[in-house]
Amino acid sequence: MSLALLALSLCTFALGFAEFVTVSLVPAIASGTGLSVGSVGLMIGVYAFGVSIGAPTLSALLAKQPRRTVLAASMLLFAAGNIGTALTASLPLLLASRFLSGLMHGVVMALAASTAAAAVGPERSGSAVATVFAGLTVALMIGVPLGTFAGGHLPWQYIFVAIAAIGTVAAAALLFFTPTITLAARDASGPKPTVWGTISDRKTLYSAFITVLAYTGSFTGFTYISVLLERQTGLTASGVTGMFVLYGIAATVGNTLGGKFIDKVGARSASLLIFTGLILAMAGAYAGAASVPVMALVMALWGLVSFGAVPVLHTAVLLVAKQNTKGSADVASGMNIAAFNLGITLGSSLGGVASSHSAQLPMLVGLLPLAVGAALAWRLPARPAASTAPLAAH
């Protein structure tokens, strides 16, 4: 594993930590600032909104700039945003600092993935993307437990200062270890990549829409899985935490396997396996909610395929985008990051409506977008990417 990929993985760890830990810190932040829990909770949505804007727009605007510089500067601004959160004394400052951090999150996630894929070439792009996103899975495993601990034993500001410190270290690592990526593989006399050439490409939009469907379906159920575990499975708070630990461990494994699998079998087979796994997990949660062993298997499978989906679906978009002579892989990467977040937002909203009727209904409702996504995945490229010359790195 190269030092450049490790630096990029450290970036995604900081980003994921900042995103995941916030959920468990809401009560502590509300208590420490004198704001209402509802007001503080807005920072989660504002952060996601910033990611959705930053990923496709800012990454497109900055795509022609040296990636190493853009990534490092974005991580420093991300660190500044977290310092702002730690120093917050009002709701406007809190929301502004989270929005800034979310914007930079979107830029870094979009450019980090395309940078990793460009540095190694298409035949190993899935594994490279998985390595970059591995930081997210580690953050998932420790973010919520550490946030819960910090909320009860440490000042919540310490967490955001620590995130800022990690972001600063990551920025320095990027400057030292990230290669300069150039468009050497593209014929200089051919068409130049443009933003419109990417967002108007039907194949790229098609692949990104599959990502939306996958995460809409998954998060329709997963957003409310803790409710199901408490009400139907009968688990205590510690039991639910144990289930999420199991999910996090499986997610780490799934992220690695997903990257290797798409490199080996191609986008179609890998995506179909992901959708099949998600459908089985959702159906298992609906039918076997009363059984602790069944739900343990469900959580393990869900973690495996939901984070296996990250490198699979993201690499699928990048592979399709590289076939578009007028398109930019950076913009396509940003589009897919936005697609992940759009799917999560739609799934959470859809699950919220379903959960008002029963704890199990979100699991059933989520099967519909997953079934549609599986059907559309049949039209993705059937074979692994051909071994073509990678974008030059020096």
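The values are calculated or read from the model by the stated rules, or taken from the named source; none is laboratory data. Bear in mind that the values here come from a model prediction, so they are computed numbers and not experimental data. For neighbour counting, all protein chains shown are included, and Cβ atoms are generated from backbone atoms with ideal geometry for every residue, glycine included.
Residue by residue through segment 364-381, note down the ones that are in contact with a Leu (Cβ under 7 Å, 6 or more places away or on another chain) and crowded, with 20+ Cβ neighbours inside 10 Å.
Within segment 364-381, 365, 369, 370, 373, 374, 377 qualify.
Can we say residue 304 is in the same structural domain as residue 256 (by TED's automatic domain parsing), farther than 24 Å from residue 134 by Cβ and either buried (at least 23 other Cβ atoms within 10 Å of the Cβ) or among the aromatic types (Phe, Trp, Tyr) (or both)?
In short, no.
Given the structure, is residue 114 in contact (Cβ under 8 Å) with a residue 12 or more places away in the chain and closer than 28 Å to residue 250 by Cα?
Yes: the conditions hold for residue 114.
Among the residues of segment 13-41, how many are in contact with a helix residue (DSSP H, G or I) (Cβ under 9 Å, 6 or more places away or on another chain) and either within 15 Å of residue 82 (Cβ to Cβ) or not in a helix (DSSP H, G or I) (or both)?
Going through segment 13-41 one residue at a time, the tally reaches 14.
Evaluate segment 285-299: report whether one residue or more is surrounded by 24 or more Cβ atoms within 10 Å (Cβ to Cβ), out of contact with any Ser or Thr (no Cβ under 8 Å at 6 or more places or on another chain) and in contact (Cβ under 8 Å) with a residue 40 or more places away in the chain.
Yes: segment 285-299 contains one or more residues that are surrounded by 24 or more Cβ atoms within 10 Å (Cβ to Cβ), out of contact with any Ser or Thr (no Cβ under 8 Å at 6 or more places or on another chain) and in contact (Cβ under 8 Å) with a residue 40 or more places away in the chain.
Suppose we keep only residues that are at pLDDT 85 or above and not in a helix (DSSP H, G or I) within segment 206-235. Which one would you say is surrounded by the fewest Cβ atoms within 10 Å (Cβ to Cβ)?
234
When residue 344 is evaluated against the numbered criteria (1) within 14 Å of the chain's Cα centre (by Cα); (2) crowded, with 24+ Cβ neighbours inside 10 Å; (3) closer than 18 Å to residue 255 by Cβ, which criterion, by number, is the only one it fails?
The number of the failed condition is (2).
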